[in-house]
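Report on the following structure.
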Amino acid sequence: MHWSEQEYLAMEAGSPIKHEFLSGEVFAMAGATPAHNRAAASMLVALGLLTRGRPCRVFNSDQRIYVVEGGLYTYPDGGVACGPWQIHADGMSLLNPVLLYEVLSTSTRDYDRGAKAEHYRQIPSLRHLLLVDQPDRCIEHHRRAADGTWSLITVRSGALDLADLGGGLSLDDVYLPEIP
């Protein structure tokens, strides 16, 4: 079935589960493993501490994002928006994140790294896309330069450089040890 954006938004408003919309197709978003949830929560806390005192706010996976180019409605694992939030006419979807992150899972890894990342890079305000590997200790940092080009830095130890958001993001704050 081919859905219009209006049909998707009406269905989503009354749905107990989240769905992604892309090019007229609707996809139910599955739940996540405990390891995935721990990594997503650790990112949220670390980014919240990093941006404290700045005109930025973190958000979790309940915040829908709309990518104008390509017409994608989706729910990243989390992110950061700075300054006044720009909300789509639907009243729910954020238009201007500066950072998005996805915790990679076996079932979504290829999509998150490929087509979804390409859609995210179309968001004019986006400066950072973080792909958090799980269970490996590795974050792929896609960064937009002032000239609009994107670079990729893979970080396995130390910290990510997020100076424009307040400093570094330590991998130790994301990959917390298991509790025995």
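A short reminder: the numbers here are calculations on the coordinates, not readings from a lab. These figures come from a predicted structure and were not determined experimentally. FYI the Cβ positions are ideal-geometry reconstructions off the backbone, even for glycines, and counts take in every protein chain you see.
Filter the stretch 48-66 for residues that are within 12 Å of the chain's Cα centre (by Cα) and not aromatic (Phe, Trp, Tyr) and give the result.
Val58, Asn60, Ser61, Asp62, Gln63, Arg64, Ile65
Can you pull out the residues in the stretch 25-68 that are hydroxyl-bearing (Ser, Thr, Tyr) and over 23 Å from Ser15 (Cα atoms)? Walk me through it before giving the result.
Of the residues in the stretch 25-68, the ones hydroxyl-bearing (Ser, Thr, Tyr) are 33, 42, 51, 61, 66.
Those that are hydroxyl-bearing (Ser, Thr, Tyr) and over 23 Å from Ser15 (Cα atoms): Ser42, Thr51.
Kindly provide the set of residues from the stretch 138-180 that are of a type in the set (D, E, K, R) and touching a helix residue (DSSP H, G or I) at 6+ places or on another chain (Cβ under 6 Å), ordered by number.
Matches in the stretch 138-180: Asp173 only.
Hey, can you tell me all the residues within the stretch 156-167 that are surrounded by 13 or more Cβ atoms within 10 Å (Cβ to Cβ), without any contact (Cβ under 8 Å) to a residue 24 or more places away in the chain and within 26 Å of Pro34 (Cα to Cα)?
Ala159
Which of the residues spanning the stretch 1-32 are without any contact (Cβ under 8 Å) to a residue 12 or more places away in the chain, in a loop (DSSP other than H, G, I, E, B) and under 20 Å from Lys116 (Cα atoms)?
Gly31
Quick check on Asp90: is it surrounded by 14 or more Cβ atoms within 10 Å (Cβ to Cβ) and over 21 Å from Gly48 (Cβ atoms)?
On the way: surrounded by 14 or more Cβ atoms within 10 Å (Cβ to Cβ): yes; over 21 Å from Gly48 (Cβ atoms): yes.
In short, yes.
Hey, among the residues in the stretch 63-86 that are surrounded by 14 or more Cβ atoms within 10 Å (Cβ to Cβ) and of a type in the set (A, V, I, L, M, F, W, C), which one's nearest to Ser23 (Cα to Cα)?
Out of the qualifying residues, it is Leu72.
Of the conditions (1) assigned to a strand (DSSP E or B); (2) within 22 Å of Ala32 (Cβ to Cβ); (3) of a type outside the set (A, V, I, L, M, F, W, C), Arg143 satisfies every one except a single condition; which number is it?
All conditions pass for Arg143, except number (2).
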